[in-house]
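Down below is the structure, laid out as C-alpha coordinates.
The values are calculated or read from the model by the stated rules, or taken from the named source; none is laboratory data. Predicted model only: the values in this text are computed from it and were never measured. Using ideal geometry, Cβ is built from the backbone for each residue, glycine included, and neighbour counts are taken over all protein chains shown. These area figures cover heavy atoms from the full protein model, side chains too; ligands, DNA and RNA do not enter into them. Shrake-Rupley method; radii C 1.70, N 1.55, O 1.52, S 1.80 Å.
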Amino acid sequence: MQARVVSAARGARWLAEGWRLFRAAPFGWLAAVFGYWILMSVVSLLPIIGPAAAAILVPAFSVGFMALARAAGRKAPLELGLLFDGFRHELRPQIALGALYLGCLVLMLGASTLADEGALAQWLLTGRRPDEDVLQSPAFFGALVATATLYMPVMLAFWFAPPLVAWHSTGALKALFFSLAASTMNWRAFLGYGAVTALVTLVIPFLAAAALALFAEGGQLPAAGFILPIMILLLPTLFASFYVSYRDVFGYDAAP
(Lines give C-alpha, C1' and ligand atoms only; values in the text may rest on other atoms or scores of the structure.)
Protein backbone atom coordinates (compact mmCIF):
# COMPACT_ATOMS: atom_id res chain seq x y z
CA MET A 1 0.00 0.00 0.00
CA GLN A 2 1.54 3.27 -1.12
CA ALA A 3 -0.02 6.72 -1.40
CA ARG A 4 0.20 8.56 -4.70
CA VAL A 5 0.56 12.30 -5.17
CA VAL A 6 -2.13 13.74 -7.43
CA SER A 7 -2.44 17.22 -8.87
CA ALA A 8 -4.52 20.13 -7.65
CA ALA A 9 -6.61 19.86 -10.80
CA ARG A 10 -7.36 16.25 -9.97
CA GLY A 11 -8.44 17.20 -6.47
CA ALA A 12 -10.70 19.90 -7.90
CA ARG A 13 -12.57 17.15 -9.81
CA TRP A 14 -13.29 14.99 -6.78
CA LEU A 15 -16.57 16.71 -6.03
CA ALA A 16 -17.70 16.48 -9.67
CA GLU A 17 -16.95 12.75 -9.70
CA GLY A 18 -18.81 12.42 -6.42
CA TRP A 19 -21.82 14.00 -8.14
CA ARG A 20 -21.47 11.50 -10.98
CA LEU A 21 -21.53 8.61 -8.49
CA PHE A 22 -24.59 10.09 -6.82
CA ARG A 23 -26.38 10.41 -10.16
CA ALA A 24 -25.66 6.75 -10.88
CA ALA A 25 -28.14 5.70 -8.15
CA PRO A 26 -29.77 8.76 -6.54
CA PHE A 27 -32.58 6.90 -4.76
CA GLY A 28 -30.17 4.43 -3.19
CA TRP A 29 -27.97 7.28 -1.97
CA LEU A 30 -30.89 9.22 -0.53
CA ALA A 31 -32.20 6.14 1.27
CA ALA A 32 -28.76 5.56 2.80
CA VAL A 33 -28.36 9.20 3.87
CA PHE A 34 -31.81 9.31 5.48
CA GLY A 35 -31.20 5.95 7.14
CA TYR A 36 -27.89 7.20 8.53
CA TRP A 37 -29.49 10.41 9.77
CA ILE A 38 -32.29 8.52 11.54
CA LEU A 39 -29.89 6.04 13.15
CA MET A 40 -27.51 8.71 14.38
CA SER A 41 -30.42 10.81 15.67
CA VAL A 42 -31.73 7.86 17.67
CA VAL A 43 -28.27 7.07 19.06
CA SER A 44 -27.72 10.73 20.00
CA LEU A 45 -30.93 10.70 22.04
CA LEU A 46 -29.67 7.94 24.34
CA PRO A 47 -29.30 9.26 27.89
CA ILE A 48 -25.79 10.31 28.94
CA ILE A 49 -23.87 8.26 26.34
CA GLY A 50 -25.80 9.32 23.23
CA PRO A 51 -23.58 12.06 21.72
CA ALA A 52 -20.40 10.17 22.59
CA ALA A 53 -21.70 6.93 21.05
CA ALA A 54 -22.70 8.78 17.87
CA ALA A 55 -19.18 10.21 17.51
CA ILE A 56 -17.60 6.78 18.02
CA LEU A 57 -19.73 5.32 15.20
CA VAL A 58 -18.71 7.96 12.63
CA PRO A 59 -15.63 6.13 11.22
CA ALA A 60 -17.50 2.85 10.72
CA PHE A 61 -20.35 4.57 8.92
CA SER A 62 -17.91 6.50 6.74
CA VAL A 63 -16.67 3.13 5.44
CA GLY A 64 -20.29 2.33 4.62
CA PHE A 65 -20.62 5.41 2.47
CA MET A 66 -17.38 4.56 0.69
CA ALA A 67 -18.73 1.06 0.04
CA LEU A 68 -21.85 2.67 -1.46
CA ALA A 69 -19.68 4.86 -3.70
CA ARG A 70 -17.62 1.85 -4.77
CA ALA A 71 -20.82 0.01 -5.72
CA ALA A 72 -22.10 3.04 -7.61
CA GLY A 73 -18.83 3.20 -9.55
CA ARG A 74 -19.34 -0.43 -10.58
CA LYS A 75 -22.98 0.31 -11.49
CA ALA A 76 -24.04 -2.25 -8.90
CA PRO A 77 -27.27 -1.91 -6.90
CA LEU A 78 -26.94 0.29 -3.82
CA GLU A 79 -28.27 -1.94 -1.07
CA LEU A 80 -28.91 -0.33 2.30
CA GLY A 81 -26.83 -3.06 3.92
CA LEU A 82 -23.69 -1.51 2.40
CA LEU A 83 -24.07 1.31 4.89
CA PHE A 84 -22.93 -1.15 7.57
CA ASP A 85 -19.85 -2.35 5.69
CA GLY A 86 -17.58 -0.78 8.29
CA PHE A 87 -19.14 -2.93 11.00
CA ARG A 88 -18.36 -6.12 9.07
CA HIS A 89 -14.63 -5.49 8.61
CA GLU A 90 -12.18 -4.90 11.46
CA LEU A 91 -14.85 -3.71 13.88
CA ARG A 92 -12.60 -3.36 16.92
CA PRO A 93 -10.09 -1.06 15.18
CA GLN A 94 -13.04 0.93 13.80
CA ILE A 95 -14.36 1.42 17.32
CA ALA A 96 -10.84 2.39 18.43
CA LEU A 97 -10.79 4.99 15.65
CA GLY A 98 -14.15 6.27 16.86
CA ALA A 99 -12.89 6.54 20.43
CA LEU A 100 -9.84 8.49 19.25
CA TYR A 101 -12.09 10.74 17.18
CA LEU A 102 -14.26 11.40 20.22
CA GLY A 103 -11.18 12.22 22.27
CA CYS A 104 -10.03 14.74 19.64
CA LEU A 105 -13.45 16.39 19.62
CA VAL A 106 -13.44 16.67 23.41
CA LEU A 107 -9.99 18.25 23.38
CA MET A 108 -10.99 20.74 20.68
CA LEU A 109 -14.18 21.77 22.45
CA GLY A 110 -12.26 22.02 25.70
CA ALA A 111 -9.75 24.33 24.04
CA SER A 112 -12.55 26.48 22.61
CA THR A 113 -13.94 27.09 26.10
CA LEU A 114 -10.74 28.94 26.96
CA ALA A 115 -11.70 31.56 24.38
CA ASP A 116 -15.48 31.97 24.76
CA GLU A 117 -16.32 30.39 28.14
CA GLY A 118 -18.04 27.43 26.50
CA ALA A 119 -20.51 29.19 24.19
CA LEU A 120 -19.43 27.31 21.06
CA ALA A 121 -19.19 23.98 22.88
CA GLN A 122 -22.68 24.40 24.32
CA TRP A 123 -24.09 25.23 20.88
CA LEU A 124 -22.53 22.15 19.28
CA LEU A 125 -23.49 19.78 22.12
CA THR A 126 -27.01 21.01 22.89
CA GLY A 127 -28.08 22.76 19.69
CA ARG A 128 -29.03 25.91 21.59
CA ARG A 129 -27.97 28.96 19.62
CA PRO A 130 -26.15 31.61 21.68
CA ASP A 131 -27.45 35.16 21.89
CA GLU A 132 -26.56 37.54 19.07
CA ASP A 133 -24.21 39.55 21.26
CA VAL A 134 -22.27 36.35 21.99
CA LEU A 135 -22.17 35.34 18.32
CA GLN A 136 -20.78 38.73 17.36
CA SER A 137 -18.20 38.88 20.14
CA PRO A 138 -14.46 38.63 19.47
CA ALA A 139 -14.26 35.79 21.98
CA PHE A 140 -16.71 33.63 20.01
CA PHE A 141 -14.88 34.39 16.76
CA GLY A 142 -11.62 33.40 18.44
CA ALA A 143 -13.18 30.12 19.56
CA LEU A 144 -14.30 29.41 15.99
CA VAL A 145 -10.84 30.11 14.59
CA ALA A 146 -9.14 28.00 17.25
CA THR A 147 -11.51 25.07 16.73
CA ALA A 148 -11.15 25.19 12.94
CA THR A 149 -7.36 25.33 13.22
CA LEU A 150 -7.23 22.38 15.60
CA TYR A 151 -9.70 20.37 13.52
CA MET A 152 -7.67 20.59 10.32
CA PRO A 153 -4.99 18.00 11.25
CA VAL A 154 -7.67 15.84 12.87
CA MET A 155 -9.71 15.88 9.67
CA LEU A 156 -6.69 14.92 7.56
CA ALA A 157 -5.70 12.13 9.94
CA PHE A 158 -9.19 10.61 9.80
CA TRP A 159 -9.80 11.27 6.08
CA PHE A 160 -8.44 7.94 4.80
CA ALA A 161 -8.13 6.10 8.11
CA PRO A 162 -11.51 4.25 8.17
CA PRO A 163 -11.12 2.51 4.76
CA LEU A 164 -7.46 1.77 5.51
CA VAL A 165 -8.53 -0.01 8.68
CA ALA A 166 -11.54 -1.79 7.15
CA TRP A 167 -10.15 -2.75 3.75
CA HIS A 168 -6.40 -3.02 4.41
CA SER A 169 -6.26 -4.11 8.08
CA THR A 170 -3.67 -1.48 8.96
CA GLY A 171 -4.71 -0.92 12.56
CA ALA A 172 -6.08 2.30 13.99
CA LEU A 173 -2.87 4.18 14.83
CA LYS A 174 -1.06 3.17 11.65
CA ALA A 175 -4.08 4.16 9.58
CA LEU A 176 -4.15 7.60 11.20
CA PHE A 177 -0.45 8.05 10.43
CA PHE A 178 -0.81 6.92 6.82
CA SER A 179 -3.87 9.12 6.32
CA LEU A 180 -2.17 12.23 7.71
CA ALA A 181 0.96 11.58 5.66
CA ALA A 182 -1.00 10.93 2.44
CA SER A 183 -3.18 13.99 2.95
CA THR A 184 -0.16 16.20 3.65
CA MET A 185 1.61 14.89 0.56
CA ASN A 186 -1.48 15.77 -1.47
CA TRP A 187 -2.04 19.24 -0.02
CA ARG A 188 -2.40 20.70 -3.51
CA ALA A 189 -5.19 18.27 -4.38
CA PHE A 190 -6.93 18.99 -1.08
CA LEU A 191 -6.56 22.71 -1.69
CA GLY A 192 -8.26 22.32 -5.07
CA TYR A 193 -10.96 20.13 -3.57
CA GLY A 194 -11.54 22.58 -0.74
CA ALA A 195 -11.83 25.52 -3.12
CA VAL A 196 -14.41 23.76 -5.30
CA THR A 197 -16.34 22.50 -2.28
CA ALA A 198 -16.43 25.97 -0.72
CA LEU A 199 -17.63 27.42 -4.02
CA VAL A 200 -20.44 24.88 -4.33
CA THR A 201 -21.52 24.81 -0.69
CA LEU A 202 -21.10 28.47 0.28
CA VAL A 203 -20.66 30.93 -2.56
CA ILE A 204 -23.14 29.58 -5.11
CA PRO A 205 -26.02 29.05 -2.61
CA PHE A 206 -25.40 32.52 -1.14
CA LEU A 207 -25.48 34.18 -4.56
CA ALA A 208 -28.56 32.20 -5.59
CA ALA A 209 -30.38 33.08 -2.36
CA ALA A 210 -29.49 36.74 -2.77
CA ALA A 211 -30.72 36.75 -6.35
CA LEU A 212 -34.00 35.03 -5.44
CA ALA A 213 -34.50 37.39 -2.50
CA LEU A 214 -34.56 40.32 -4.92
CA PHE A 215 -37.65 38.86 -6.57
CA ALA A 216 -39.33 37.61 -3.39
CA GLU A 217 -42.23 39.62 -2.05
CA GLY A 218 -41.02 41.99 0.64
CA GLY A 219 -37.46 40.91 0.03
CA GLN A 220 -37.88 37.84 2.23
CA LEU A 221 -37.09 34.27 1.31
CA PRO A 222 -37.81 31.12 3.35
CA ALA A 223 -34.22 30.03 3.93
CA ALA A 224 -35.10 26.50 5.02
CA GLY A 225 -37.11 25.84 1.88
CA PHE A 226 -34.13 26.88 -0.22
CA ILE A 227 -31.28 25.28 1.73
CA LEU A 228 -32.87 21.90 2.46
CA PRO A 229 -33.01 20.67 -1.19
CA ILE A 230 -29.39 21.75 -1.66
CA MET A 231 -28.29 19.82 1.41
CA ILE A 232 -30.22 16.73 0.30
CA LEU A 233 -28.24 16.69 -2.95
CA LEU A 234 -24.97 17.85 -1.46
CA LEU A 235 -24.53 15.32 1.36
CA PRO A 236 -24.42 12.15 -0.77
CA THR A 237 -22.22 13.98 -3.28
CA LEU A 238 -19.74 14.83 -0.52
CA PHE A 239 -19.80 11.28 0.82
CA ALA A 240 -19.11 9.92 -2.65
CA SER A 241 -16.27 12.41 -3.21
CA PHE A 242 -14.47 11.03 -0.12
CA TYR A 243 -14.28 7.67 -1.87
CA VAL A 244 -13.02 9.30 -5.08
CA SER A 245 -10.16 10.89 -3.13
CA TYR A 246 -9.29 7.53 -1.53
CA ARG A 247 -9.35 5.78 -4.91
CA ASP A 248 -7.09 8.41 -6.50
CA VAL A 249 -4.54 8.64 -3.71
CA PHE A 250 -4.26 4.94 -2.84
CA GLY A 251 -5.01 3.60 -6.30
CA TYR A 252 -7.68 1.13 -5.29
CA ASP A 253 -11.03 0.89 -7.02
CA ALA A 254 -12.02 -2.04 -4.84
CA ALA A 255 -10.98 -3.64 -1.62
CA PRO A 256 -8.09 -6.04 -2.24
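Okay, here's what the table says:
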read-out: Solvent exposure of the stretch 92-158 as accessible area per residue, Å², 1.4 Å probe; value: 60 Å²
read-out: Helix-only [θ]222 nm of the chain, DSSP H runs n ≥ 4, -39500 (n - 2.57) each, per residue, nearest 500; value: -25000 deg cm²/dmol
read-out: The chain: proportion of alpha-carbon pairs further apart than 35 angstrom, %; value: 17 percent
read-out: Cα Rg, Dmax, the stretch 84-189, angstrom units; value: 16.6, 49
read-out: 10 °C / 1.306 mPa s Stokes-Einstein diffusion coefficient of the stretch 1-133, Kirkwood radius on C-alpha pairs, µm²/s; value: 92 µm²/s
read-out: Cα-derived Rg over Rh, computed across the stretch 88-128 with Rh taken as Kirkwood radius; value: 1.19
read-out: Ranked packing of 89-95, 58-64, most packed first, by mean Cβ within 10 Å; value: 58-64, 89-95
read-out: Sulfur and carbon atoms: percent of accessible area, the stretch 90-179 [1.4 Å]; value: 69 percent
